[in-house]
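Some notes on the structure that comes next.
The values are calculated or read from the model by the stated rules, or taken from the named source; none is laboratory data. Computed from a predicted structure; not experimentally measured. Cβ placement follows ideal geometry from the backbone for every residue including glycine, while neighbour counts extend to all protein chains displayed.
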């Protein structure tokens, strides 16, 4: 248990790819469980009965306000999840960045972009209703798409450098090699 605590509660030292992936799997499982709980508490459902109705001629009518409201509530769930998991995720990723002799500042930038993206959705600024073929569908705003693309690029970069690239052999500025190489 002490090893798990140091994995998530400290950014000191270095870890290898195997420890990174074990920690990532633990956080994913915890995140999925917590997101189901929070979604239920916030009443987040994209399949609610109040989202659609049928017109007199049999046409389907979409309740735009109900859909955008559900998306905003989902955004608040994402904000809470990001805040709860930011510290353990950052510590895990920063230790992997330390293994490649980097400070890991880009991890905090990524978490900031992720939080900003979630806040934009929660505040109702991330989606708008668009008409297509006589029906209304939610679509992202330009602001949401721009910040989302930045987050995607940073996320892919961090996935590659933390999850797939080998760390420095031997000791570096952040400590000894976690694999024990000289």
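Things worth noting here:
- Residue in the stretch 21-36 that is loosely packed, with under 14 Cβ neighbours inside 10 Å and at pLDDT below 95 present: yes
- Looking across the stretch 42-56, just one residue is closer than 23 Å to residue 125 by Cβ, surrounded by fewer than 14 Cβ atoms within 10 Å (Cβ to Cβ) and either modelled with pLDDT of 80 or more or touching a strand residue (DSSP E or B) at 6+ places or on another chain (Cβ under 6 Å) (or both), and that is 43.
- Look at the stretch 57-68: where a residue is closer than 14 Å to residue 127 by Cα and a partner is modelled with pLDDT of 75 or more and not in a strand (DSSP E or B), sitting 6+ places away or on another chain with Cβ atoms under 8 Å, you get 68/124.
- Given (1) surrounded by 12 or more Cβ atoms within 10 Å (Cβ to Cβ); (2) out of contact with any helix residue (DSSP H, G or I) (no Cβ under 8 Å at 6 or more places or on another chain), index of the condition residue 144 fails: (2)
- Checked against the criterion of being at pLDDT below 95, in contact with a helix residue (DSSP H, G or I) (Cβ under 9 Å, 6 or more places away or on another chain), part of a helix (DSSP H, G or I) and under 30 Å from residue 7 (Cα atoms), the candidates 70, 86, 90, 74 yield just one match: 74.
- Considering the stretch 129-182, and only residues there that are farther than 17 Å from residue 111 by Cβ and in a helix (DSSP H, G or I), the residue that is farthest from the chain's Cα centre (by Cα) turns out to be 142.
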